[in-house]
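The values are calculated or read from the model by the stated rules, or taken from the named source; none is laboratory data. These numbers were taken from a predicted model, which means no experiment stands behind them. Cβ placement follows ideal geometry from the backbone for every residue including glycine, while neighbour counts extend to all protein chains displayed. These accessible areas exclude ligands, DNA and RNA; they are computed on the full protein's heavy atoms, side chains included. Shrake-Rupley method; radii C 1.70, N 1.55, O 1.52, S 1.80 Å.
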Amino acid sequence: MDDLAGALWTRALIERQRAPMPESLVRVVVGVDPPAAGGTCGIVVAALGADGHAWVLDDASVTGQRPEQWARAVVKAADRLQADRVIAEVNQGGDMVVTTLKSVDAALPMLTVGASRGKVARAEPVAALYGEGRVFHAGVFPALEDQLCGLLADGRYAGPGASPDRADACVWALTALLLADRAGLPTIRNL
């Protein structure tokens, strides 16, 4: 996929921000954008390094899975990378999202987030963090990176696919790590 005019992320920006994972991590979170009617469940693992930079560690997203299956994928990603918390969007499914995840792992540490602004508006401050050199990719995540490059500053999503599920999960995770306590951003509440 070529760079799109007005994209929040470019291929060059993502390449510039690709680096090995640091040895010392302060926090690890899993961002989850549950699917609406069998689409892709965005599952992205990110971490905060001791240096204050964030690292995208994995794109564990799954497509076409039943709720129990995508919940298992979330728990597996959280366990594999020893996540401190799962950040799950509840706009699509509400309490069903929490119930489904807790049915797989009752002790899963979770925060729920509700989107009051569009996906692109939520992504803008995170894209700025990449530009400031505060977010890195500890690997290559083609499907996620394609979606990031499809988010346009005019508020549209230009693909691939109908919805940037992976990109939204990434934005939730990075927001929780670097922006959660800033005014005007989506709120996160404890369960």
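Structure values in brief
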| item | result |
| --- | --- |
| Odd one out for Lys102, checked against (1) over 24 Å from Arg18 (Cβ atoms); (2) out of contact with any strand residue (DSSP E or B) (no Cβ under 9 Å at 6 or more places or on another chain); (3) free of Cβ contacts under 8 Å to residues at least 40 places away in the same chain | (2) |
| Given (1) touching a Pro at 6+ places or on another chain (Cβ under 9 Å); (2) under 16 Å from Leu111 (Cβ atoms), index of the condition His53 fails | (2) |
| Contacts under 6 angstrom Cβ, first residue in region 109-125 being farther than 19 Å from Val97 by Cα, partner open to solvent by less than 30 Å² (accessible area, probe 1.4 Å) and outside any strand (DSSP E or B), 6 or more apart | Arg122/Val171; Ala123/Val171; Pro125/Leu179 |
| Which numbered condition Asp95 misses (of (1) modelled with pLDDT under 95; (2) surrounded by 18 or more Cβ atoms within 10 Å (Cβ to Cβ)) | (2) |
| Of all residues making up region 98-131, the number that are surrounded by fewer than 21 Cβ atoms within 10 Å (Cβ to Cβ) and within 17 Å of Gln65 (Cβ to Cβ) | 5 |
| Scope region 141-191; condition surrounded by fewer than 17 Cβ atoms within 10 Å (Cβ to Cβ), out of contact with any helix residue (DSSP H, G or I) (no Cβ under 9 Å at 6 or more places or on another chain) and at pLDDT 95 or above; matching residues | Pro142 |
| Test for Val29: is it touching a Phe, Trp or Tyr at 6+ places or on another chain (Cβ under 9 Å) and without any contact (Cβ under 8 Å) to a residue 24 or more places away in the chain | no |
| Considering residues of region 25-34 that are aliphatic (A, V, I, L, M) and touching a Gly at 6+ places or on another chain (Cβ under 7 Å) only, the residue surrounded by the most Cβ atoms within 10 Å (Cβ to Cβ) | Val32 |
| Filter result for the condition that a residue is open to solvent by 60 Å² or more (accessible area, probe 1.4 Å) and either without any contact (Cβ under 8 Å) to a residue 12 or more places away in the chain or not polar (S, T, N, Q) (or both), over Ala37, Ala88, Ala7, Ala47 | Ala37 |
| Some residue of region 12-24 being surrounded by 20 or more Cβ atoms within 10 Å (Cβ to Cβ), of a type outside the set (S, T, N, Q) and within 17 Å of the chain's Cα centre (by Cα) | yes |
| Filter result (part of a helix (DSSP H, G or I) and either within 18 Å of Ala36 (Cα to Cα) or in contact with a Pro (Cβ under 9 Å, 6 or more places away or on another chain) (or both)) within region 104-143 | Lys119, Val120, Arg122, Ala123, Ala143 |
